[in-house]
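Following: one structure in structure tokens, then a few remarks.
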Amino acid sequence: MSDFFTTQERARYARHFTLPEFGEEGQRKLKQSSVLVIGAGGLGSPLLLYLAAAGVGRIGIVEFDQVDESNLQRQVLYTIGDLGQSKGEVAVRRLRALNPLVEVEHYPTRLSSENALSIFRGYDLVADGTDNFPTRYLVNDACVLSGIPNVYASIFRFEGQVSVFNLLRADGARGPNYRSLFPQPPPPGMVPSCAEGGVLGVLPGIVGSLQASEAIKVLTGIGDPLDGRLFLFDAASFSSRILKIPDTPGPAITELIDYEEFCGLAPSTAVKEIGVQEFFEMRERGVDFQLIDVREPYEVEIAELGGELIPPAEIERSADRIARDKMVVLHCRSGRRSADAVRLLEERFGFDNLYNLRGGILAWADEIDPSMAKY
């Protein structure tokens, strides 16, 4: 057994070797294990750092996004010199620099029903660090179909959650999965995203580290993982509690589906849109129109196009502030909230002169004004 580790490995993992409950056998299991991390953002940053530092033999990273300024408040993998670069590529470099003894692979793609099962194949465990419901259900279902445990975590404002789903137990049965806890997603718009609701910068570090701890426990068989339990943490009150998850498989999972539609995010009706280039030219020509910004007030402090602010919660009661006798353009950060607002106003108030600014602030920063902050 002693020949399994090099002298360098023995020096690097010395503190693991000296743990009576861990020792050489625990480190051997880590070295022979593989973990696929979905998302290299707030949760993924500490999660990846600690998995690599601990000596997990092979780490996969599914990440398609780029580093922007707003990430640096909590995503500790990145620095200001990484702005605009691929998160996955930067993460690979950081992890290899931290521990060249581990194998790191990057999948520069958006996880989908078409590619999830093939990407998951060959990994021992999946760690979900995503921030949206369609991907959480996709990760869960792909883990169930692949027979892989799912170490789950989520964060919002001051609160975090951690659990271990689909764990193979000693009796051969599988523990509960995400659908055992949440059989159906919440109604669209009920739970704001972190971009809309905010998140305490240090929270992902706390929760992502707990997620890494659970992953290591599952891989090594050491300790008592959060199988059948949901850990809740509130940083504001510094309190925690553990809830028992129903020991049922939840709805039957036989195939991967359209998760945008399942979560109610696939638009039922299209809306009229205008691109940022066309919008820019329209402003340059002096066309008479009304611009409505449907973001939150704090977002305007970061970047703005000069529109009249009407946050999503105020749209319905502010319909009389919106012109009907000229073109009205609504925008948000990415174009999703403004599209929802256009759809709502058309359906409930009969507007026929509304246009969604496709891509929102992000598209404007990419195509028109690169100096604008992309948050």
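Are any of the residues in the range 21-29 under 24 Å from residue 109 (Cβ atoms), of a type outside the set (Val, Ile, Thr) and out of contact with any Lys or Arg (no Cβ under 7 Å at 6 or more places or on another chain)? Taking every residue of the range 21-29 in turn, none turns out to be under 24 Å from residue 109 (Cβ atoms), of a type outside the set (Val, Ile, Thr) and out of contact with any Lys or Arg (no Cβ under 7 Å at 6 or more places or on another chain). Scanning the range 21-80 for residues that are assigned by TED's automatic domain parsing to the domain that holds residue 159, polar (S, T, N, Q) and assigned to a helix (DSSP H, G or I), we see that the one that is nearest to residue 149 (Cα to Cα) is 45.
Is it fair to say residue 117 is surrounded by fewer than 20 Cβ atoms within 10 Å (Cβ to Cβ) and either free of Cβ contacts under 8 Å to residues at least 12 places away in the same chain or hydrophobic (A, V, I, L, M, F, W, C) (or both)? Yes.
Which one of the conditions (1) of a type in the set (Phe, Trp, Tyr); (2) part of a strand (DSSP E or B); (3) modelled with pLDDT under 90 does residue 298 fail to meet, given that it meets all the rest? Condition not satisfied by residue 298: (2). Here are the criteria: (1) part of a loop (DSSP other than H, G, I, E, B); (2) within 16 Å of residue 254 (Cα to Cα). Tell me which single one residue 140 does not satisfy. Of (1) part of a loop (DSSP other than H, G, I, E, B); (2) within 16 Å of residue 254 (Cα to Cα), only one is false for residue 140: (1).
Evaluation of residue 323 against the conditions (1) part of a helix (DSSP H, G or I); (2) without any contact (Cβ under 8 Å) to a residue 40 or more places away in the chain; (3) of a type outside the set (S, T, N, Q) shows that the sole unmet condition is (1). Considering the range 155-172, and only residues there that are in contact (Cβ under 8 Å) with a residue 24 or more places away in the chain and among the small types (Gly, Ala, Ser), the residue that is surrounded by the fewest Cβ atoms within 10 Å (Cβ to Cβ) turns out to be 160. When the range 290-318 is filtered for residues that are crowded, with 16+ Cβ neighbours inside 10 Å and touching a Lys or Arg at 6+ places or on another chain (Cβ under 8 Å), the ones remaining, listed by number, are 290, 294, 295, 299, 303, 310, 311, 312.
Do we find a residue being closer than 24 Å to residue 29 by Cβ and either in a loop (DSSP other than H, G, I, E, B) or of a type in the set (Lys, Arg) (or both) anywhere in the range 148-162? Yes, because at least one residue in the range 148-162 is closer than 24 Å to residue 29 by Cβ and either in a loop (DSSP other than H, G, I, E, B) or of a type in the set (Lys, Arg) (or both). Among the residues of the range 232-270, those identified as outside any loop (DSSP other than H, G, I, E, B), over 19 Å from residue 137 (Cα atoms) and hydrophobic (A, V, I, L, M, F, W, C) are 232, 233, 242, 243.
Selection within the range 203-225: residues that are within 17 Å of residue 37 (Cβ to Cβ) and among the hydroxyl-bearing types (Ser, Thr, Tyr). The member of this set that is farthest from the chain's Cα centre (by Cα) is 213.
The values are calculated or read from the model by the stated rules, or taken from the named source; none is laboratory data. What you see is a predicted model, and the numbers here were worked out from it, not measured in a lab. Positions of Cβ are backbone-derived with ideal geometry, glycine not excepted, and every protein chain shown enters the neighbour counts.
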